[in-house]
1. What are the distances, in nm and sorted shortest first, from the label point of B:Asn256 to the label points of the same position in each other copy, with each label point placed 7 Å from Cα along the Cα-to-Cβ direction?
2. Using 0.36 nm per residue, how much length does the chain from A:Ser96 to A:Gln309 gain when fully extended, once their Cα-Cα distance is taken away?
3. Using only atoms on other chains, find how many Cβ atoms lie within 10 Å of each Cβ of peptide B:273-283 and report the average.
4. Could you give the accessible area per residue of region D:5-352, probe 1.4 Å, as a whole number in Å²?
5. Between A:Arg59 and A:Asp39, take the C-beta separation as r, use R0 = 30 Å, and let me know the FRET efficiency to the nearest 0.05.
6. To test your reading of the geometry: what angle, between 0 and 90 degrees and rounded to tens, separates the Cα axis of helix A:229-238 from the longest principal axis of chain A?
7. Give, in whole angstrom and from largest to smallest, the semi-axes √(5λ) of the equivalent ellipsoid of the protein assembly as shown, with λ running over the eigenvalues of the Cα gyration tensor.
8. Equivalent ellipsoid semi-axes for region B:160-246, as square roots of 5 times the alpha carbon gyration tensor eigenvalues: give them largest first, rounded to whole Å.
Protein chains: 4
Amino acid sequence: MSGNTFGNIFTLTTFGESHGEAIGGIIDGCPAGLKIDVDFVQNELDRRKPGQSHIVTQRKENDAVNFLSGIFEDITTGAPIGFVINNDNPKSKDYSHLKDAFRPSHADFTYQQKYGHRDYRGGGRSSARETASRVVAGAIAKLLLKRHKVELFAYVSQVHNIKLNKSHTEINAADIEKNSIRCPDEKTAQQMITHIENIKKQGDTVGGTITCVIKNTPIGLGEPVFNKLHAELGKAMLSINAVKGFEYGAGFDCINYKGSELNDIFENKNGIHTKTNHSGGIQGGISNGEDIYFNVAFKPVATIMQPQQSVNAAGDEIIVEGRGRHDPCVLPRAVPIVEAMAALVLADFLLLNKITKL
Amino acid sequence: MSGNTFGNIFTLTTFGESHGEAIGGIIDGCPAGLKIDVDFVQNELDRRKPGQSHIVTQRKENDAVNFLSGIFEDITTGAPIGFVINNDNPKSKDYSHLKDAFRPSHADFTYQQKYGHRDYRGGGRSSARETASRVVAGAIAKLLLKRHKVELFAYVSQVHNIKLNKSHTEINAADIEKNSIRCPDEKTAQQMITHIENIKKQGDTVGGTITCVIKNTPIGLGEPVFNKLHAELGKAMLSINAVKGFEYGAGFDCINYKGSELNDIFENKNGIHTKTNHSGGIQGGISNGEDIYFNVAFKPVATIMQPQQSVNAAGDEIIVEGRGRHDPCVLPRAVPIVEAMAALVLADFLLLNKITKL
Amino acid sequence: MSGNTFGNIFTLTTFGESHGEAIGGIIDGCPAGLKIDVDFVQNELDRRKPGQSHIVTQRKENDAVNFLSGIFEDITTGAPIGFVINNDNPKSKDYSHLKDAFRPSHADFTYQQKYGHRDYRGGGRSSARETASRVVAGAIAKLLLKRHKVELFAYVSQVHNIKLNKSHTEINAADIEKNSIRCPDEKTAQQMITHIENIKKQGDTVGGTITCVIKNTPIGLGEPVFNKLHAELGKAMLSINAVKGFEYGAGFDCINYKGSELNDIFENKNGIHTKTNHSGGIQGGISNGEDIYFNVAFKPVATIMQPQQSVNAAGDEIIVEGRGRHDPCVLPRAVPIVEAMAALVLADFLLLNKITKL
Amino acid sequence: MSGNTFGNIFTLTTFGESHGEAIGGIIDGCPAGLKIDVDFVQNELDRRKPGQSHIVTQRKENDAVNFLSGIFEDITTGAPIGFVINNDNPKSKDYSHLKDAFRPSHADFTYQQKYGHRDYRGGGRSSARETASRVVAGAIAKLLLKRHKVELFAYVSQVHNIKLNKSHTEINAADIEKNSIRCPDEKTAQQMITHIENIKKQGDTVGGTITCVIKNTPIGLGEPVFNKLHAELGKAMLSINAVKGFEYGAGFDCINYKGSELNDIFENKNGIHTKTNHSGGIQGGISNGEDIYFNVAFKPVATIMQPQQSVNAAGDEIIVEGRGRHDPCVLPRAVPIVEAMAALVLADFLLLNKITKL
């Protein structure tokens, strides 16, 4: 209701502000009997954490997950899985300059208006730090999906004007983690990295796109009408900080085709498949067994190392300027977040689909 | 859970198949005391119905809404609003040719696999006929929004390769209903219409984009983290049949800008506003009072009047070909559906926002 | 949210007022592939309908259910099941005497205060007529439960001061429908009937208790902590008009025992069972395979054929007196309602339990 | 869905097992701007904690609540309120004797059957320790209710065969905390305490009833049909460990009256009120402004200090006997739990009622 819970059966509820004592959440509805590899979960968190390379923020955050319940002798019990990630940031740090400032294209103004009272330190509840909890839950969801052979990966497919000129069928998932930008084409990756270095020197930021691919999805996931598989994936992606757009399958490019060109013809080759996959593995909101793929557009990070005009709560003109260590490009750190949210959607529909027919 | 309910407080649950006795739904959570103009609701339905112009399907469907409860002496009582729209289609018509056929890029295959048993007549539950119920509920939501001065309209901004070269700030909402394609620029509209006429002659179909604009939104709508205003709008739009993509504000184009270029600077001119509106009226998932605008991509209708290769349930190769009267381009009829879904999202958040602070 | 939907996965949403055009509802989440015996559903409705015997209201209501969707060729498709029951009552009838009157122990006053505007005709939304929709959905749930061998029945165990002196293990379910009061002991039944006849002559009303028994429940139904099986059963029963109390297993009588007397000892006789069943088939909120049994207390019907003092909306003193044909004792008609609500709870937990463990 | 969340708008989700690292929860939907008195919250927890008197368990548990989010400078921000209560129990303690044992009238058997894998230490998730999290959330709800002048208290009205012979209108709430059994009549309280001392010497346990009273409730709380105010109160109470029955207003005793005797006559004395209050402050599921009162039946604690026959997971006969320090009578510690659950229900409906009419 208040927007802090995601999912229907396999659910995640998160809590926590950027500079409070801890963030964390409760994963509910995970079936009993699932082996939890805590190292895998921590590794997923490490893929998201600050300071992992020179093209992301150099803040030091430990981001160690601590499970408090729901797992006994390394196996889920069906009870809710509570977890916390302590915040390393010193509470004593001075954030008083942010108290009344409305930073451009941040959530300061809207939170102040909506709630009347807010934790202004580092963005408080609106900070992308909250996504660390999503990565924890997404890792559990991935473990569940692995039991069902579902494979899932995301990668950076565009940074500003540098675009990966390969479709998702032409890349190798094993190449994604080989560079700090998480683009599975080494040459393009280096161009992206160099570009981000330049942008960083300017005190500026850039956005781009992340492409996500899901393979071996069972046929039948997704609930028709309002909870179509791609509608939930879209909501999941749009709920990530800085996302401005979502498209799946042919996406916005579908406009350029006629029906006779875009339709995916069925054929029977060791089972019913489509010759092409403009549908993106989803038809009528339900997975058809082909690869699911979609793109997510991220805007440039709003915090820049340049002075910007703004106003404060009193309505007076002020100048704001980023302090500390921020991301010139958030995309490499957003890759595990995109994967986590996709995994949550898939795990939820996987469970729900078990009770669809007698 | 099963995907037939939309919303949190102001909710719509729909039922009905394309060729069953009736479709309909239950609107719940509408506050008591709202005057219902049934003619307005019916007029919204008429904007969606088949046969309204020569560029859409020539099927005859009456689509008369019949309210069964929740409204007493033309005013809502707070009780659930049940309604039905009878189906005019003769049950006796022969649909046996569709019984085992999997039409390309339709939901026949996925429904059969998911449920094992389906009403195959005219797409059954997967038919876009279901969206008539959304238009009814959206009309009620619009009446609630009007009480709060919120204005909302959508229009066709692209058909295949013909694009309206005006932004949402350059068009006049009053021009939308002046032509059958619902594009508020007469010259572009005529080009679109002519193009659709040609496509129809080919027995083919085309898609395009619809742009939706919401004005006078109160500041503070949307729930942070998972239920961001644009995330729910995105889900709402992606739940409409044939939609492949959603973007709001700068959308996918945000990739082409640096942070310093894209950030919306606050200024105080009779209240705090942003100089530019790349944010699309939403910051941190919460409305900031500026215009909300977004684009929705529709693929070409899957049913074409040309023979297509496919397979049937037995896995045998078959040829399918559209029969009857179908839409060469669904966009003009989708305009009221986009508006209805946007209205449902806004009405829901409007109510929820009333209990956000003491 | 607004209280018109029951259940988590297998859900019922109802609409409709006593004297509107129709009542009805949407059953969602029923698995595909379930054979629907419409005659069985109608028969359940007939067990609830007015006029079925001389000890209940002599109103004539046809109460014919009309399914509009979700069932194709007599089998559920997984799509929502919409249904309506038309109201026979003439709209033209004069209810103006009720417009401003607050009948004692009715919902007139609270509805007026809560909503400001209400359909006052025959109680409107607060009328027990709404429970007809529950009986329809409960009948579908019973068909699902039958597939899992679950048996479920209810009976009148007390009317005013006349109490059935047999426990649920001493009666025969086949005897319940043998008399008009639905008490499975013929002698007690006749005493109850005679007493109700006398009460009716006085223009008065009486209440009593209904006992419900569920046999062959699979072990494991119910979700711990907040959604315990008996907590949901309790909510379900307390949501029925005129219910004032709920107890399961030993119930309120548990107070009279010490732990050493009340504990149910486990033994292994062709499987693990308890020697006694004070737990009422539920331990820790989860079914243990023993018989589930509970009692529901119904107050006397509030409408009596005697003049009563009251006030109207203006706060003036008035005299109200029941008109028309009302129930001197609602219990025999409430038996199928109790069963229906119990069936909805069980069906919901049955589905949910399928995804509890890997 | 999985039963770990309570409420619709003002919600509590709990996690944690009796002997895990910590228990805790997330309170969501609490409006921004509420002053939180942490000492008050801790005091509520202290009313529930073990070791507070000689008639309850002598276990030492610190039960210190630690808020992690959602409160900034002692005021709620509208963000979710995460909290933890660390478990003091040494993990190293030996619980292996419980690993395969099914203790009589505990949840060991049903959890094992339902989940296949469980944390058997001290009852794990089924332990009443979970209710500490409810008391924390209930304390926040009480603070919200206080802002609306709602008063709420509970007390022990019966222990085994010793019954308080005063109605809720005859006692003084200020007397409740004056003795260790929390009965507001000193003489009865001492009888209860002496009786519990004797029962404890026998190594046995007893149950009883708790009565709860809510004063100054605004008219209009509760949602009709399925979410009636008393139905949610009933569910809330029945979800508390060891509860076997719930009745409100006249309760089960309503059976002994005729309609003419039980109906509550309206009169206008400085506003519309009822002369009597058999309705228990609720009519048609909605509060009418009179005192709400209800009784909750608790069975004797299942753990007794006597040998009991049972079986283990292998189906073999075993003897189990309580170890450590357990409650001979749980009622005094259950009083704050009953209050907490009642407060959660009221707070939720209070918020929801704000959007019922325009």
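The values are calculated or read from the model by the stated rules, or taken from the named source; none is laboratory data. From a predicted model like this one, the values you see are computed outputs, not experimental measurements. Neighbour counts run over all protein chains shown; Cβ positions are idealised from the backbone, glycine included. Heads up: the accessible areas ignore ligands, DNA and RNA and are worked out on the full protein's heavy atoms, side chains in. Shrake-Rupley method; radii C 1.70, N 1.55, O 1.52, S 1.80 Å.
1. Nearest to farthest, the other copies are at 1.4, 8.2, 8.3 nm.
2. Answer, rounded to one decimal: 74.9 nm.
3. That average works out to 3.
4. Accessible area per residue: 31 Å².
5. 0.80
6. Between the helix axis and the principal axis of chain A, the angle is about 10 degrees.
7. 50, 38, 31
8. Equivalent ellipsoid of region B:160-246: 30, 18, 9 Å, largest first.
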